[in-house]
Structure formats: structure tokens, C-alpha cells
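Here the structure is laid out as C-alpha cells; the discussion comes afterwards.
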Amino acid sequence: MRRMGIKTIIVDDEIDAIKSIELIVKEGFPELEIIAWANDIIKAKELIKKEKPDLVFLDIEMAKGNGFDLMEDFPEREFEVVFITAYHEYRLIAEAYNVPYYITKPVEIDELREIVHEVQRKRG
């Protein structure tokens, strides 16, 4: 039986950022399966509950709420989170939410590859 990819959701309020992450994933990360995307926290919360992803790429600063608001809704997570943000200053806050994966935009492929490999190891 073919093993399913790592079910992935992208959350960012900028459609260009979502498309950029999708392109990076499609071109270099066949182990990731993008199952959905959301451009606000409310939609993201619904999608996560419905789709039960393995991995969420999450922006921090968004028009309606922020990535930390979403983390408040999931204090016990069965999925990994990778913050992808333009802001360096939120790294310590991310760690306080038990999110060790933090990438600043623009995404560096090697950095993302290391994180994806670590997520794969964790998920078995």
C-alpha cells in the first residue's frame, strides 16, 4: 500500500505567499501533500479540525488575527507547525507556544528541507 504524504495546510493572508509556498512544495518536497489552504484564522481553525493535518505552515501577522491566536485554539496539537513569517522578533513567542520551527521569508529551501526531514522523523 502506498504511504500517504504528510498532509499539509498553508495558512497565510496573502494569496501570493500561499502560491509561493505551494510552488516550493510541489517542486522540491514530494513527501508533502497540500490538502488545503486558508487566508484567515477562522477558516484555518475549521480546516484543521476537519482535515486533521500532519503539518501546518502558518504565517504570524495576518489581517484578521495572528498565528498565535490559532495556537491558542490548539493547546494540545496532533500536528506540527512551521511558522513562516517576515518578522524575526516573534521567535521567542513561537518557542513559548512549543513551536520550534520558524522560518523567515523569503523561504530558504535548505532550511525548509531540514525542518521537513525532522517532521518526517517525528511522525515516523
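Farthest towards the positive end of the charge dipole of the chain, among the residues I109, I34, A96, is the Cα of I34, using unit charges on the Cβ of Lys, Arg, Asp and Glu.
Less than 5 angstrom separates the built amide H of E33 from those of I6, K7, T8, all sequence-distant by 5 or more or on a different chain.
If you take the Cα centroid of segment 13-27 and the Cα centroid of segment 93-115, the two points sit 16 Å apart.
Here segment 8-123 is assigned +1 on the Cβ of each Lys and Arg and -1 on the Cβ of each Asp and Glu. Its dipole about the Cα centre then comes out at about 300 debye.
Please report M4, M62 as a ranked list, fewest other C-beta atoms within 10 angstrom at the top and most at the bottom.
Numbers: M4 10, M62 21.
By the 10 Å Cβ count, ascending: M4, M62.
Could the peptides 78-85, 20-27, 40-47 be put in order, highest first, of the mean number of other beta-carbon atoms found within 10 Å of their residues?
The peptides rank, most packed first, as 78-85, 40-47, 20-27.
Taking amide H atoms as placed 1.01 Å from N in the peptide plane, the amide H of K105 lies under 5 Å from those of T85, A86, Y87, each 5 or more residues away in sequence or on another chain.
The HN-Hα couplings worked out from phi for segment 66-77 by the Karplus form 6.51 cos²θ - 1.76 cosθ + 1.60 (θ = phi - 60°) are 9, x, 5, 4, 5, 5, 4, 6, 10, x, 10, 10 Hz, whole numbers, x standing for Gly and Pro.
By count of other Cβ within 10 Å, fewest leading, how are L70, L112 ordered?
Numbers: L70 24, L112 21.
Placing the least packed residue first, the sequence is L112, L70.
Simple spin-label estimate for I15 and R123 gives 2.8 nm between the two label positions (7 Å along the Cα-to-Cβ direction from each Cα).
Length gained on full extension, E31 to E51, computed as 0.36 nm times the residue gap minus the Cα-Cα distance: 5.5 nm. Legend: helices of the chain (whole DSSP H runs) are marked when their alpha-carbon atoms reach 27 angstrom or more along the helix axis and their mean Kyte-Doolittle hydropathy is at least 1.6; nothing is marked.
The slack in the chain from V107 to E89, taken as 0.36 nm per residue of separation less the alpha-carbon distance, amounts to 4.8 nm. Note on E61 and M4: with the Förster distance fixed at 30 Å, the Cβ-Cβ geometry gives a FRET efficiency of about 0.40.
Values quoted throughout were computed directly from the atomic coordinates according to the rules given, and no laboratory measurement underlies them. Bear in mind the structure is a predicted one, so any value in this text is a computation, not a measurement. Heads up, the Cβs are rebuilt from the backbone with ideal geometry, glycines too, and the neighbour counts pull from every protein chain shown.
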